[in-house]
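Visitor: A single structure is presented below for examination.
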Ligand SMILES: [Zn+2]
């Protein structure tokens, strides 16, 4: 369904979002013949794990390695403030996404509520959705089904959100976790075996949930 689109731009807030979050979806796009590029808006310097080392340099190496594993065409790594994306002028983020679009026919990102509760995720996706709307391009949001988000909140206290109501119905897609796991493993500084990630992947099994909005018109299952 998406392969004729040819190329896609994934927009994320932090190094590891492309693997811990979008990894299986990005790999599915690559395997469908879509050329996928990555725009990462921050260097991830505010991470609370992996401290005690040069996180900027380390995480840059990690995301570049992970992108290669996933088969992404290119990575543009910006250095906007990790944790500060919502405070930036919206136009600044929008301009970066528009600059990096370079003919891509699909925008990909976290679900618009941010999925894990990090406000940077929602800000990154908002920028991608503004560009998608302005260019009449389709957008693909990856997120957690409501029942999985609820379990992560209740069992682990992780502030996950499901899909925003009224923005279109999410649909499950079958994915292969193999390459995603290799990409996740590249992010050694970020505890690839952390309990929240492991629990989410176990709950989701071989399915991810996505929302595809084409030119503002929601696709139905
Ligand atoms: Zn993140």
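Visitor: Arrange the peptides 138-150, 166-178 so that the one whose residues have, on average, the most other Cβ atoms within 10 Å appears first.
Guide: Listed from highest to lowest mean packing, they are 138-150, 166-178.
Visitor: Now a separate question. Counting only helical runs of four or more DSSP H residues, what would the 222 nm mean residue ellipticity of the chain come to if each run contributes -39,500 (n - 2.57) and the total is spread over all its residues?
Guide: -12000 deg cm²/dmol
Visitor: Relative contact order for the chain using alpha-carbon pairs under 8 Å, separation at least 6, rounded to a whole percent?
Guide: 25
Visitor: If you don't mind, there's one more thing I want to ask. Between the range 48-91 and the range 127-203, what is the C-alpha centre distance in whole Å?
Guide: 17
Visitor: What Kirkwood Rh does the chain have if only Cα atoms enter the pairwise 1/r average? Answer in Å.
Guide: After inverting the pairwise mean of 1/r, the radius is 17.1 Å.
Visitor: Which whole-number value in Å³ per residue fits the convex hull of the alpha carbons of the range 29-115?
Guide: Here the figure is 119 Å³ per residue.
Read the figures in this text as sums done on the coordinates, not as results from a lab. Remember, predicted model here, so these are calculated numbers, not experimental data. Cβ atoms come from the backbone with ideal geometry, glycine included; neighbour counts cover every protein chain shown.
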